[in-house]
Structures are given as C-alpha cells and as structure tokens.
Amino acid sequence: MKELKYLNKYLKKYWLKLFVGIIITIIARVFSLVMPSYVNKSITAVEGFFAKTLTADQAKDLLQEYILIIIGAALLSGLFTFLMRQTIINVSRYIEYDLKNEVFDHYQLLSLNFYKRNRIGDLMNRISEDVGQVRLYAGPAIMYGIQTLTLFVCLIPLMFIKAPTIAFYTLVPLPVLSVLIYQISRIIHKRSTKVQEFLSTLSTFAQESFSGVAVIKAYSLEDKTNQELTDLAIEGKDTSMALAKVNAWFFPLMILLIGISNVFVIYIGGKQYINGEIESVGIIAEFILYVNMLTWPVAVVGWLTSIVQRAEASQKRINEFLQEEPSIANSVREETPLKGKIEFKNVSFTYEDTHIEALKNISFTIEQGQTVAFLGKTGSGKSTILDLVARLYDVAAGEILIDDTPIQHLNLNSLRSSIGAVPQDAFLFSDTIENNVRFGDENATMDQIIAVAKKAVVHENIMGFTKKYDTILGERGITLSGGQKQRVSIARALLKNPKIYLFDDCLSAVDTETEEEILNNLKEASQHRTTLIVSHRVSSAKNADKIIVLENGKILQEGTHEELNNIEGYYKDLYLDQLSEKD
C-alpha cells in the first residue's frame, strides 16, 4: 500500500466531499437493515393470525404498516445510495482528472533524453489505463469498502442480539473466506503487474504500427505486422487469462460459503423453532435476508482486494515517471527578456543515448539581429546547435551565453517563448490549418494568419482546399505534402514574431523557385531578429550575414559569403558554388 500513499494529497483535497459521502453511505446501509426485521414482523403477524392471537383486521393493519415501512426504507436507502455515488464516485473522477493533469504536466517538464529512453505507447498507457485503475481505488473501492464495513459493524452485532446461535453458525464460513482471499490477493498482485506492463507493450506496438502504416504498406509488411500483432495478442490473452483464472475463484467461493451459511440458518434455525428456542419462524426468514445482504459485501472483499492490488501496481508505474527528475531545470523564476545575442564558448556535447560526440569544442558569436547559416554534411552537428540554443539539452562542456548571460541562468519559459523554431521534421497537429498556424500566437487575428501564410508561400495551396483554413489535418499533418507541412510550420514560427528564429533544414522539401520566394520573405520578416538557418542546400544561406561550415562536430570555416567563395577542397563537396549561381 505504500505506493498508494501518493494519493493521500488528493484525498485530503476532497476530504469534505468524501466525508459527506461516507456519512451518506452509512445512512444508506442503515436504512437497508430495516427491511429484514420488518419481514420478520410481517411473518410473525401472519403466524399470529393462524394461531388466533390476532384477528384478520389486526393482522391486515399490521401487514399494511410493515409493508409501508419496508417500502419507505427501501426508497430512502435507494435515494441515499444514489447520493452516495454522486459524492464518492465523483471524487474519484476529480482525482483521476487531477492525476492525469499532473502526469501530463510532468511529461512536459521532462527532457528529450527521457522520451528517447521510453516509448510513446508506454507513456500513453500510464496516463490512461494505469490512472483508470487508480481511479477505481479512489472511488469504488472506498465506497464499497465503507458499505462493507458499515454492514459488518451494524449487522453482525444485531444478528448476535437476535439469535446468537444462528449468528455463530452463519458467520463460521467468513474467516475461511478471509484466509482464501489473502492467499489469492498475493497472486493477483503479481499477475496484475504483468498485465499492466504488457498493455504498455501492446499500446506501443499499435501506436508505432498506425503511425508507420505508410512504411508498412510500401514494403508490403502487412502480413508480418499482422503476425506480430497476433503473437502479441496471444501473449496478452495468456497473461490476462492467468489473472482472470485467479479472479474467477472469488465469486464461486463466495456463493459456496454463502450457500453453506444459508444451510446453517435453515437447519439450526429450524431445530431451534421446533424446540421452542425462538418464538417465530420469521427469524429464519430474517437471517436468510441478512445472509443475502452479506453476500455482496463478502464478495466485495475479494473484488476490493483485486482493485487495490491492481491500483498499487498501476500507481507504482505512475510513480516511476513522477519521480523522474527533469534534466533541464528551470532554476530562474523571474521572467528574463531577451534581445538575441548568442555566444558559444568551447562547447562540446555528447548524446546520452548513443554516446555520439556531436560537437567538439566549438566557439562562435552571433550578434543581435544577425542571420547565420550552418552548413555541413549529415551528422556534422548542425541541428544539435539549434537544440542547444533552445536548451532542449544542456552542454557537456563549455558554455552558451544569451545576451552575455549563461543560458542556465535564464528563465526557461522566457528563453523558449523568445524562440520561433521550425524543426527538420515538421510536426502538425490533427486540427484545422488555421489552428496549427495559430499555435504560434493564440490571440492572432485571421488577417495575421493569412499574412504569415502568404510569406511562407502556402496561402494559395490552402485556398485550393475545399474548406480552406478550416481543413482538418490528419495525424502529424499527413493530409499535406512534405513541402506544405514545412511551409505551414514556417508560417507558425513567423506568427510568433520571436527574438530568435531557428530554421532547421525547413526548406528541404520545397522546390528551388518556392525556396527563393520564401527566403526573400524570411529576409524581410527576420530583420532585427537573430536567425539561425541549418541547411544542406547552400542556396538557403544566400541572405546570411555569416556562414559557419561544420564537419564532424567541428567548425571547418566561418565567414561571409564572399570569404567562403575562396575555400579550396571542401568548397566543392558543399556545393558552395551554388551561391554564386544564385547571385
């Protein structure tokens, strides 16, 4: 239960609703106890009529009175049961909402290294399936637990007061049931953990298959993928069946033991009635109702045990992520306004997951408002520089300064809100084109959105769609072509109007004519804005104030367009002559 202690803060938050719910639960159970005793009295009244101790009118009046009391108690019990669910179950939904938000907020704080170590399907399963299991503990488990406790506390003493011998034999099977439940619950805990872990594996496989369906079709891997899913499904069935087989013991055991209790009630009660030890046969009917009232609570003990075990296994998995400390810490709380000067001092960086040394002791300075292009072959470290400027990673050695201040001493939100980034792999949400562009500035007007779309040379494409800017994109923007996705991403960055632009090979899927137009528009839009451009195309650097050529994580050359035109050797490999041709 130590893992579930994490939920205590939420239980304290909603303590008043829980307290009211517990009181209502107790009241509902108390009203439910009225019926058996009045059934006893009703049978006694009928016995009195046949024994000639009551007249027909007297017996009729008593029966009418008792029936009205039984109906009234049942209605009140039903009403309070409804209110009970409206309080305690609602609290569990509030806790589920809060816990999902907490997990999601924590996910957003974690660095890229975390997402490289963990698969998306597993992350999704923990925030959905695992939180759902925890909700059952925070709501139904508490509600039915209070119900069961109330019935045991109220009903068992009442049974001993009315007929101690019958009560004793009726309750004999319950300790046996408790021992069996304890033994079975230990097995459930282990198998529940395996089921939850497997659901993460299955979710990950499904998510990757659906996201990569184009690749699966292109390589005719449908049969192979189907077979892999079949194998996973069989494994999942076996894992779930192993748990279900244990759970399946509960209700048969309950029914068996409750049946034994009923036999004891009828046999012992019948003997006592024959011997004159109890006054009315109605007490036997009353005890049969008591036994049946105990059927669900006793069954719930096993069910609650299963819920608690599954919830503990799920909360343990959730806690593993919640206890993960972000490697990129926002140590400065005050907002830090930025101007845009960037300086790298002897910076080295190695990726934690692959141990590839992407940058090796590089230094350069970008003045505020300058446009700098980074050129080089694949794997030369160009994109890493942009990631470090956005502080998606922290440097292994050296220092990065923004406006002459170490980047770690800047407010992280201020830094990233001052940056407009267009990643190499353009990502768009499954929303309208308008909302995807508006992501750059949620308060932007439609005229502003159209203006930046024109600068990104995508407006005409959008107007060609039936619903224009209201067109809903598929997952990750699959509705659009590669070039259109890149241009919508550029429009989004332009709408943000930041102090620093980071363009990571964002024109690779655009034809040269469109590229020329976009570059001219970007030159105008990025005036007085610090701009970093990464590209394989030398033509993308035509408007740069400075060009930095990288190779194997080191700076090979840096200078203006004119200065780099005189480079020998590497000049040809990087196609720098394209710059002259463009001019």
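Quick notes on this structure:
- Counted charge near N411, where neighbours are those whose Cβ lies closer than 13 Å (Asp, Glu -1; Lys, Arg +1): 0
- Working from label points 7 Å from Cα in the Cα-to-Cβ sense, the Q368 to E562 distance is 2.7 nm.
- Sequence-distant residues sharing a close amide H with F374 (under 5 Å, placed H): I533, V534, S535, I548
- Among the DSSP helices (H) of the chain, those spanning at least 20 angstrom by Cα along their long axis with an average Kyte-Doolittle hydropathy of 1.0 or more are 15-32, 56-84, 142-162, 250-274; this is a geometric and hydropathy rule only.
- Counting beta carbons within 10 Å around each of T170, T365 and listing the fewest first gives the order T365, T170.
- In this structure, the pairs whose alpha-carbon distance is over 28 Å, taken from K2/K100; K13/K116; K17/K41; K360/K546; K100/K382; K2/K237, are K13/K116; K17/K41; K100/K382; K2/K237.
- For A390, the shell of other residues with beta-carbons less than 12 Å away shows a net charge of -1, using +1 for Lys and Arg and -1 for Asp and Glu.
- The gain in end-to-end length when the K237 to H409 segment is fully stretched comes to 56.7 nm, 0.36 nm per residue minus the alpha carbon separation.
- Annotation: the residues I23, I490, sorted from fewest to most other C-beta atoms within 10 Å of their own C-beta, follow the order I23, I490.
- Excluding same-chain neighbours fewer than eight residues apart, the aspartates and glutamates reachable from K162 by a Cα-Cα span under 17 Å are E277, E279, E286.
- For the peptides 448-458, 416-426, the ranking by packing is 448-458, 416-426, with the highest mean count of neighbouring Cβ atoms within 10 Å listed first.
- Sorting H409, H459 from the fewest to the most surrounding beta carbons within 10 angstrom yields H409, H459.
- Cut-off 13 Å between beta-carbons: net charge of the residues surrounding Q86, Lys and Arg +1, Asp and Glu -1: +3
- Computed per residue of the chain from DSSP H runs no shorter than four, each worth -39500 (n - 2.57), the mean residue ellipticity at 222 nm is -19500 deg cm²/dmol.
- Normalised per residue, the volume of the convex hull around the Cα set of the stretch 342-582 (Å³): 124 Å³
- Computed FRET value (nearest 0.05) for F19 with F152, which takes r as the C-beta separation and R₀ as 22 Å: 0.60
- Using 0.36 nm per residue and subtracting the Cα-Cα separation, the extra length available between E335 and N497 on full extension is 56.5 nm.
- A Förster radius of 56 Å combined with the Cβ-Cβ distance from E442 to F251 puts the calculated FRET efficiency at roughly 0.60.
- In this calculation the C-beta distance from A397 to K554 is compared with R0 = 22 Å, giving a FRET efficiency of 0.95.
- Of the residues A45, P406, V457, the one whose Cα sits farthest towards the positive end of the charge dipole of the chain is A45 (charges of +1 on Lys and Arg Cβ, -1 on Asp and Glu Cβ, taken about the Cα centre).
- By average C-beta atoms within 10 angstrom, highest first, the peptides 37-48, 273-284: 37-48, 273-284
- Relative packing of peptides 435-441, 506-512 - highest average C-beta neighbours within 10 Å first: 435-441, 506-512
- Counting 0.36 nm for each residue step from T432 to I356 and taking away their Cα separation leaves a gain of 23.5 nm.
Quick note: the coordinates plus some simple rules give every number you see, no bench work behind them. In this text, all values refer to a predicted model and were calculated from it rather than measured experimentally. Glycine gets a Cβ as well: all are built from the backbone with ideal geometry, and neighbour counts include every protein chain shown.
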